[in-house]
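The values are calculated or read from the model by the stated rules, or taken from the named source; none is laboratory data. Small disclaimer: the values here were computed from a predicted structure and weren't measured. We place every Cβ from the backbone using ideal geometry, glycine too, and count neighbours over all the protein chains shown. All accessible areas refer to the heavy atoms of the entire protein, side chains included, with ligands and DNA or RNA removed. Shrake-Rupley method; radii C 1.70, N 1.55, O 1.52, S 1.80 Å.
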Amino acid sequence: MDFLKKLSVINRQLLRTDDMEAVFKNLMDAALEISGAKNGLLLLKAESEEGPLPGYRVVTAKNLSGTDLGTDSFTVSLSAVREAAETGNAVVTDNALQDPRFQKSKSVALHGLKSILALPLKDASGVMGVFYLDNPLDAGVFSDEAVASLEAFADTAALALQKSRMIAELKASNSELQVEVEEEMGRRQELEREMAANRLKLKHQYGDIVGKSPRMISVLQLVDKITDSKVPVWIFGESGTGKEAVARALHFNSARAKAAFVSENCSALPETLLESELFGHKKGAFTHADRDKKGRFEYANKGTVFLDEIADMSLNLQAKLLRFLQEGEVRPVGANETVKVDVRVVSASNKDLHRLVEEGKFREDLFYRLNGITVTLPPLRERMEDLPLLIDHFLKEKGVKIHADALRFLMNYPWPGNIRELQNAIETAALFAEDGLILPKSFEFKPAVLSKRRAGTAAMKAHPKAPMEPELEKILIAVRDQGYHKGNAAKVLGISRRNLYTKLEKYGVPFELKDLKTYIDERFI
């Protein structure tokens, strides 16, 4: 078989197999066939290897073995291998018996070595390995033409070595990823089991509210208790935490579900237009009022009105809303008569109405009318164990999944825009997915996700407020980094949940989530 055909066969083999031992053996056979050598070794770089040629190991051989390298008779040949590895140039002799460099060599005299070739295999980073070939019988085997052909062959061999390295790295990466996936699946299954009992206790379904963290279960348990009542509800939470979703759950799980659910954002309209939207108006009541119009309260009779961003309502309109809540009747703008309506009012704001009352910016009497029950929604950063569930929910119908490395970045981002920000980020990242997988680079449109990290281990360790027991510090850091989920923290610490509770009790750490968070916050920044 001629040289070019031999290279073609080897190239096809590299594309078809992951069995690198077989590839190395075939490379060795090909080198011997092309060169006319009788013996050969293929050595690859391996920094951990020790022996007569530190940093290299024998991966395949023909008529020689790795142990031959350590013998006195192999000294000259070994020096040729070392020189090729260090210089990156081929070391060749046509007749070692007559070569001045080897006249004092015991191995040449002992074995009658004539032709020797040490051929480096290189990639962009340098020498990857060395082919050692010799022929103890024939001189002039490694002519200039033969060496040139073998150097071309070495380029093909280098491809084999690069593929070998890539396969090893890929297997290691896949192994790590598999472990991470299994751990994540385990965490999710544990969370499912842990929260299933609480979910079963709920009377109603909350399909639009994704979350099984202790914080969200507490919210849903409260919502469950007040759904069928007429009591007004104020929902307090940061923007994007899902306040309208809770309001909808209150309506559609109640006896009012067959009537209308009407939503109005109090910050979106000026006072005069908002009054008309809520209470309606009569024809001719103001410019462009060319017909009678029902307001939101009348339209939602027997149903629910959701007033979002109630804190932005003017004091004048607050007074009119208070009168409606007291009397249960509306007076359209420009009308003399009133209309009786029966609606449940659910309000929401991202501003603390208690504080606004103290500052004189919100009517105290209206606050108490609206705030029959307060539902406080936690920000996403305080229930990060729900983040994988939310991501799955947003990707459910897109045929896309998220890589563990990308999920790790998302878990370390504080999400100031909460669920709304997460949804927008995930849906945009899905557009940049590769082979159905969202990677870290899919979030390059949102560099903050890849750069900012949630307050966690590094910050906590850098600025502790007071010295504490190392074991306690380790436990508190784990609990906080796992979003205050004690089951996940126990796994990270490598202990059982029961053992974690025992240690918390030992150090006097409270178990309840709110008290636990306060306890940790007081000890770290």
How much solvent-accessible surface does His403 expose, in Å² to the nearest 10, with a 1.4 Å probe and all protein chains in place? 40
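So how do Ser263, Ser276 rank on accessible area, 1.4 Å probe, biggest first, that is with the largest at the start?
From most exposed to least exposed: Ser263, Ser276.
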Accessible carbon and sulfur surface of region 283-331 relative to its total accessible area, %, 1.4 Å: 42
Spacing of the two label points (7 Å from each Cα toward its C-beta) at Leu273 and Lys396, in nm: 3.5
Cβ-derived FRET efficiency at R0 22 Å, Ser451 paired with Leu222, nearest 0.05: 0.05
Any idea how far apart Ile373 and Ala124 come out in nm if each label point goes 7 Å out from Cα toward Cβ? 6.3
FRET efficiency (Tyr299, Glu337; Cβ distance; R0 22 Å; to 0.05) is 0.80
Selection of trypsin sites (Lys or Arg not before Pro), region 260-349, meeting DSSP coil and at most 13 other Cβ within 10 Å: Lys283, Arg291, Lys302
For Phe443, what accessible area in Å² do you get when you roll a 1.4 Å probe over the heavy atoms of the protein chains, rounding to the nearest 10? 0
Might you tell me the accessible area per residue for region 334-431, computed with a 1.4 Å probe and given in Å²? 47
Taking the alpha-carbon centroid of each part, what is the distance from region 282-307 to region 334-361 in angstrom? 16
